[in-house]
2 protein chains.
Amino acid sequence: MRASLDFWYEFASTYSYLAAMRIEALAREKGVGVAWRPFLLGPIFKAQGWETSPFNLFPAKGRNMWRDLERSCAELKLPFRRPDPFPQNSLLAARVALAALDQPWGEDFCRALFCAQFAEGRRIDDAAAVGDVLARLKIEPQPVLAAAQSDAIKARLRAQTEEAQRLGVFGAPIFTTADGELFWGNDRLEPALRWAKTAAECR
Amino acid sequence: MRASLDFWYEFASTYSYLAAMRIEALAREKGVGVAWRPFLLGPIFKAQGWETSPFNLFPAKGRNMWRDLERSCAELKLPFRRPDPFPQNSLLAARVALAALDQPWGEDFCRALFCAQFAEGRRIDDAAAVGDVLARLKIEPQPVLAAAQSDAIKARLRAQTEEAQRLGVFGAPIFTTADGELFWGNDRLEPALRWAKTAAECR
C-alpha cells in the first residue's frame, strides 16, 4: 500500500505557505503521496466563536507569529512579505484552487498564489489578483475563474470544509493520515510524513 | 560574550515538560547557558479572558495536543501519563522551584516535578505531592516548603510572572534571548539555541 498524506491548507494561513513550499520535495524524498486539500478556516473559527484569525484576536501571539515567520523564512531561504490586510479573504482563491487541482498545474497554482501573497505581499482576495497568478503560469484566467464560480465547485468547497471539520481540523496547515492521525502545523510535516511512511510499511 | 537563553516554563504546561527534559543536553552541546525561569500562565491567560487552559477551552485543539504529546513522547523516548485534573494548580510548585533554583539541585527538582506529573500522572498541586518529589531527591521537604511560602519567594514569583508578561510571554515554554527574540514552544528550542549562539558570536 502506498504511503499517503492529506494536506489541509487555507490560503490566508501564514504557516500553510511554509508547508506548501516544502511538502513536495520532502514527500517525494520519503515516497509519500500527497493529496492537496484546500479548505476554509473561517467557518471553523466561527464555530468556536472567533470572527477573525487568532493572531489578530490575541496580539502577543500575533506579534510572535509574524516574527517567527520572518525567522523561519530566513532559515528556509524563502522570501517573506506581509500582506495587508491580514487575513486575506481566501474564498475565491480556494474555489479556484479546487478547479485548478483537477488540472496538472493545480499544485503550481497553489504555490504561486501563496508566493504572491506571502513572498510579495500582494492581495489575493479578488478575481483580478487571482487572475494575475493564473496568467503568470500562462493559464488563461477567464475559463478557470468561471469554473471556480460554478455551483459544482462551490458545493465541493463547502463539502471539503465540512469534511475538515468532521476530521477535527481546527487550524492550518494540518496533515491527516488514512489511519486517523492528525498533525497540526508546518513543523509537524516531517513527523506526519514519517508516520504515513511507517503506517504504510506496517500494513 | 557567553551565549545564553532564558527558559520560561509553567509546571502545568505539557510542552514545558518536553522542553525541560531536553534543554540541558542540547544547550550543553551548543555551549549555551540556560536560566531556568518558572512563572505562572494563569494570570497571563486571565488577562486575555481565559479562565483555564486553551486546550480545555478549544476541544479540537486539546484533543490534538494530547495525541501530539503521546506521539512526541514516543519519538523522544519519554514516558507519558496524563495528570487529572488538567491543568494542575502549579502555584506551590512554582514557588518551590524558585526557592530550589537557589540551590545546586534546583533544575533536578524541576525535572523531577515535571516527571511526577507527566511521566507518572501524579498530582503536583499540594504540599504533600511537592514534598514527595523533594524527598525522592533526598532533600528534606519541610525547610524548602517553608521557604517557598515566604513573602520573599511569593514576591519573586509575582515579579517573574510580571516580567514574563512584559516580555510578551503568552504561553509556555518560551525561550527569550538577550537581544530581544522570543521563541514559543518546545519545537522552537533548537532554533532558539542556534539564535543565542549566533548572536553571541556576532557581538
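No value in this document is a laboratory result; all are computed from the given coordinates. Just so we're clear, the structure is a prediction, and the values are computed from it rather than from any experiment. When we count neighbours, we look across all protein chains shown, and the Cβ atoms used for this are built from the backbone with ideal geometry, even at glycine.
Residue by residue along B:85-98, Cβ atoms of other protein chains within 10 Å of the local Cβ number 0 on average. Per residue of chain B, the DSSP helices (runs of n ≥ 4 H) give a summed -39500 (n - 2.57) that works out to -17500 deg cm²/dmol at 222 nm. Each residue of the range A:18-26 is assigned a 3J(HN,Hα), and the resulting list reads 4, 5, 4, 6, 9, 5, 4, 5, 5 Hz, derived from the Karplus form 6.51 cos²θ - 1.76 cosθ + 1.60 (θ = phi - 60°), x at Gly and Pro. Taking each residue in B:158-165, count the Cβ atoms of any other chain within 10 Å of its Cβ, then average. What number comes out? Partner-chain Cβ atoms within 10 Å, mean over residues of B:158-165: 0. Each 20 Å bin from zero up to the one holding the largest Cα-Cα distance in the protein assembly as shown carries the following percent of pairs: 25, 53, 20, 2. The value obtained for the range B:13-89, namely the Cα convex hull volume divided by the number of residues, is 114 Å³ per residue. Per-residue shielding of A:181-189, expressed as the average number of other chain Cβ atoms within 10 Å of the residue Cβ, stands at 4.
In the range B:7-145, inverting the average of 1/r over every pair of distinct C-alpha atoms gives 15.6 Å as the Kirkwood radius. Could you tell me the center-to-center distance, by alpha carbons, between the range B:104-147 and the range B:14-59 in angstrom? Using only Cα atoms to place each centre, the spacing works out to 18 Å. Provide, for q = 0.34 Å⁻¹, the log10 of I(q)/I(0) from a solvent-free Debye sum over equal Cα point scatterers in the range B:1-42. For the range B:1-42 at q = 0.34 Å⁻¹, log10 I(q)/I(0) is -1.20.
What number, in nm² with one decimal, is the all-direction average of the projected area of the convex hull of the alpha-carbon atoms of the range B:66-145? Numbers along the way, then the final one.
Numbers: hull surface 21.0 nm².
Seen from a random direction, the Cα hull of the range B:66-145 projects 5.3 nm² on average.
Can you pull out the GluC sites (Glu not before Pro) in the range B:38-119 whose DSSP state is coil and whose Cβ has at most 11 other Cβ atoms within 10 Å? Answer by residue number: B:E51. Going by neighbour counts of Cβ atoms within 10 Å, the residues A:S13, A:S4 line up, fewest first, as A:S4, A:S13. Sites listed here are chymotrypsin sites (Phe, Trp or Tyr not before Pro) in the range A:1-106 whose DSSP assignment is loop and whose Cβ has at most 16 other Cβ atoms within 10 Å: A:W50, A:W105. Along the range B:84-98 the Karplus relation, 6.51 cos²θ - 1.76 cosθ + 1.60 evaluated at θ = phi - 60°, assigns HN-Hα couplings of 9, x, 10, x, 6, 6, 10, 4, 5, 4, 5, 5, 4, 4, 4 Hz to successive residues, with x for each Gly and Pro. Taken one residue at a time, the phi angles of the range B:33-42 give Karplus couplings (6.51, -1.76, 1.60, θ = phi - 60°) of x, 10, 9, 7, 10, x, 8, 10, 7, x Hz. Gly and Pro are set to x. Please tell me the relative contact order of the range B:124-190 in percent, rounded to the nearest whole number, where contacts are Cα pairs under 8 Å and at least six residues apart. Worked out over the range B:124-190, it gives 15 percent.
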